[in-house]
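Student: Before I ask anything, here is the structure I am working with.
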Amino acid sequence: MDTATSGRQALSLAEQNVYDVAISDLDLGDMSGMKVLERVKARARTSEVILLSGYGTQEHATEAIDLGASAYIQKPITFAEVDARVREALAKRRFATGVEEAIRGAGEKDRSLSGHLGQLFLLYDLGKRLIATPDYPRVIDTVLDSLLSMVECECAYILLVEHGGADLHILSGPPLSRAALDAVRDNALVFWRSLRKEAIEDSQVQVHPRSRRDGEGPRDLDPTSRTTKVPLSVQGKIVGVLSVQQATGGAEADPNAEHLPYIAGNLAALALDNASLHRHTRMLALTDGLTGLLNHRAFLDRLHQEFDRSRRYHSLLSLIMIDVDDFKSVNDTHGHLQGDIALEGIAHILRKTSRESDILGRYGGEEFVALLPETNPSQALLKAERIRKEIEKHPFPVDGATIPITVSLGVATWPNPQIQKPADLIRDA
């Protein structure tokens with residue numbers, strides 16, 4: 001067993017040795033534990049890596065699993081959990097090593113068996129990553145990347161249809177020409193219409209192309225391409241299409257690869273369903289039910305993340321606290337239902353006056369908060385004054401009439417000698 005006291009030392013050890021299991025903190029001081037994870041997996045893909053973190057987010061966990069981590073453990077940790085995770089990692093390592101040895105052994109005697117075993121391992125790896133992938137974009141990227149690794153094809157795509165619109169995600173080796181992208185879109189829509197008898201106009205389809213070799217010039221598709229199309233069904237309802245397009249060059253299709261898109265499609269549909277449920281549940285957990293802004297706890301989580309990021313990269317971070325003036329009299333005079341309508345109106349104004357990068361939350365009953373990355377004090381003051389004026393001039397409908405509502409705002413910016421932690425930023429604002 002080896003130990004390292006820094007990221008550099010860990011990378012040096014990873015260059016010299018192949019490990020069954022490596023355990024690393026996410027924050028190593030001189031670098032991220034993600035770099036150690038990448039180096040260990042590059043040295044031997046069957047090596048297992050466990051990451052530990054005291055402040056990591058769901059995004060960190062997902063990124064780690066995407067890079068091949070066996071587990072991601074949030075601090076405070078217990079010996080029992082670490083012991084269980086190490087045993088699990090060793091079991092995965094033995095399984096993966098056994099498959100690789102079987103593939104090598106079979107390759108000398110039976111190429112077909114070797115190919116089947118290789119596909120089995122790739123499907124196992126795909127399933128493992130999809131189980132740990134909680135959001136739509138990563139599910140799509142994971143499935144398409146895996147298909148291009150498993151099947152020799154020009155491109156793979158996933159068409160997802162929702163609320164009358166559609167998103168077409170295309171992954172190819174070299175970039176595809178505009179004519180090729182149009183052909184893929186037309187191909188996907190024809191199959192969709194044959195499945196659902198639902199018309200989707202070209203203008204309703206958002207095409208998201210991606211390629212593995214961006215340096216190359218765009219290419220057209222082989223006119224003799226063979227296309228395998230798989231309906232994606234979630235709880236009995238077809239929600240999209242998965243497809244791979246293989247250039248044949250007149251050759252026969254690989255019989256060992258024909259079933260892979262169907263199995264990958266089944267895995268993708270299950271993962272998309274889980275991602276949809278996760279997204280809905282997460283939205284309920286993070287947002288305020290009345291205004292749709294982040295709730296108090298979710299906002300504090302984002303504040304800690306942004307504060308850590310600003311401190312790491314020495315960037316500006318401003319915060320605006322917004323308090324509705326004498327809001328109790330609105331509730332007492334007109335009732336809480338009318339008060340809620342007024343709060344919804346204020347939330348709408350905050351969204352209308354904010355950038356996409358701004359983070360908005362409902363801090364308390366009649367308190368709101370806006371976190372502004374990369375914003376200096378004068379810019380934050382201008383933003384606060386704009387919010388104040390917009391709310392002051394807005395006619396809030398109450399009991400068939402309109403009432404004036406005003407707000408008081410406070411602004412604070414980091415870096416500031418008086419601000420050492422996220423709570424200080426709130427206190428100063």
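The values are calculated or read from the model by the stated rules, or taken from the named source; none is laboratory data. Not measured: the values here are computed from a predicted model. Heads up, the Cβs are rebuilt from the backbone with ideal geometry, glycines too, and the neighbour counts pull from every protein chain shown. All accessible areas refer to the heavy atoms of the entire protein, side chains included, with ligands and DNA or RNA removed. Shrake-Rupley method; radii C 1.70, N 1.55, O 1.52, S 1.80 Å.
Student: Among the residues of region 386-407, what is the count of those that are open to solvent by less than 60 Å² (accessible area, probe 1.4 Å), part of a strand (DSSP E or B) and either under 19 Å from Ala370 (Cα atoms) or touching a residue at least 40 places away in the same chain (Cβ under 8 Å) (or both)?
Tutor: Looking only at that region, the number is 4.
Student: Please enumerate the residues belonging to region 201-228 that are within 26 Å of the chain's Cα centre (by Cα), farther than 19 Å from Asp145 by Cβ and in a strand (DSSP E or B).
Tutor: Selection gives Val205, Gln206.
Student: Continuing with the same structure: Mind checking which residues of region 346-359 are open to solvent by less than 20 Å² (accessible area, probe 1.4 Å) and outside any loop (DSSP other than H, G, I, E, B)?
Tutor: Ile346, Ala347, Ile349, Leu350, Ile359 - these are the residues of region 346-359 that are open to solvent by less than 20 Å² (accessible area, probe 1.4 Å) and outside any loop (DSSP other than H, G, I, E, B).
Student: Which residues, taken from region 136-174, are surrounded by fewer than 16 Cβ atoms within 10 Å (Cβ to Cβ) and under 24 Å from Leu67 (Cβ atoms)?
Tutor: Matches in region 136-174: Pro137, Ser149, Gly173.
Student: Follow-up question, since we're still on this one. Quick one: is Ile322 among the aliphatic types (A, V, I, L, M), modelled with pLDDT of 85 or more and surrounded by 15 or more Cβ atoms within 10 Å (Cβ to Cβ)?
Tutor: For Ile322, the condition - among the aliphatic types (A, V, I, L, M), modelled with pLDDT of 85 or more and surrounded by 15 or more Cβ atoms within 10 Å (Cβ to Cβ) - is met.
Student: With Asp332, Asp340 as the choices, which residue is of a type in the set (Asp, Glu), open to solvent by 10 Å² or more (accessible area, probe 1.4 Å) and without any contact (Cβ under 8 Å) to a residue 12 or more places away in the chain?
Tutor: The match here is Asp332.
Student: Also, I was wondering about something else. What's the total number of residues in region 12-54 that are more than 14 Å from Ala64 (Cβ to Cβ) and in a strand (DSSP E or B)?
Tutor: Matching residues across region 12-54 total 1.
Student: Here's another thing I want to ask about it. Would you tally the residues in region 147-167 being under 24 Å from the mean Cα position of the chain (by Cα) and within 20 Å of Leu130 (Cβ to Cβ)?
Tutor: So the answer is 11.
Residue by residue, here is whether (1) open to solvent by 30 Å² or more (accessible area, probe 1.4 Å); (2) of a type in the set (Asp, Glu); (3) within 17 Å of Leu90 (Cβ to Cβ) holds:
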position: Thr3; (1), (2), (3): yes, no, no
position: Ser6; (1), (2), (3): yes, no, no
position: Gln9; (1), (2), (3): yes, no, no
position: Tyr19; (1), (2), (3): yes, no, yes
position: Thr46; (1), (2), (3): no, no, yes
position: Leu51; (1), (2), (3): no, no, yes
position: Ala64; (1), (2), (3): no, no, no
position: Leu67; (1), (2), (3): yes, no, no
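For (1) loosely packed, with under 13 Cβ neighbours inside 10 Å; (2) modelled with pLDDT under 80; (3) over 30 Å from Thr375 (Cβ atoms), each residue gets a yes or a no:
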{"position": "Gly236", "(1), (2), (3)": "yes, yes, yes"}
{"position": "Val239", "(1), (2), (3)": "no, no, yes"}
{"position": "Gln245", "(1), (2), (3)": "no, no, yes"}
{"position": "Pro255", "(1), (2), (3)": "yes, yes, yes"}
{"position": "Ser276", "(1), (2), (3)": "no, yes, yes"}
{"position": "Asn295", "(1), (2), (3)": "no, no, no"}
{"position": "Ala298", "(1), (2), (3)": "no, no, no"}
{"position": "Arg311", "(1), (2), (3)": "no, no, no"}
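Student: In the list Ile346, Ile341, which residue meets the criterion of being aliphatic (A, V, I, L, M) and modelled with pLDDT under 90?
Tutor: Ile341
Student: Can you pull out every residue in region 188-200 that is outside any helix (DSSP H, G or I) and open to solvent by 90 Å² or more (accessible area, probe 1.4 Å)?
Tutor: Selection gives Lys197 alone.
Student: Being in contact with a Pro (Cβ under 8 Å, 6 or more places away or on another chain), modelled with pLDDT of 85 or more and basic (Lys, Arg), is that true of even one residue in region 160-179?
Tutor: Yes: region 160-179 contains one or more residues that are in contact with a Pro (Cβ under 8 Å, 6 or more places away or on another chain), modelled with pLDDT of 85 or more and basic (Lys, Arg).
Student: What pairs can you find where one residue is in region 344-358 and on the phi < 0 side of the Ramachandran plot, the other is assigned to a helix (DSSP H, G or I) and open to solvent by 20 Å² or more (accessible area, probe 1.4 Å), and their Cβ atoms are less than 6 Å apart, with a gap of 6+ or different chains?
Tutor: So the pair list comes out as Ile349/Glu390; Thr353/Arg386; Thr353/Glu390.
Student: Does Ala370 fit the bill of being assigned to a helix (DSSP H, G or I) and either among the β-branched types (Val, Ile, Thr) or under 23 Å from Gly292 (Cα atoms) (or both)?
Tutor: The answer is no for Ala370.
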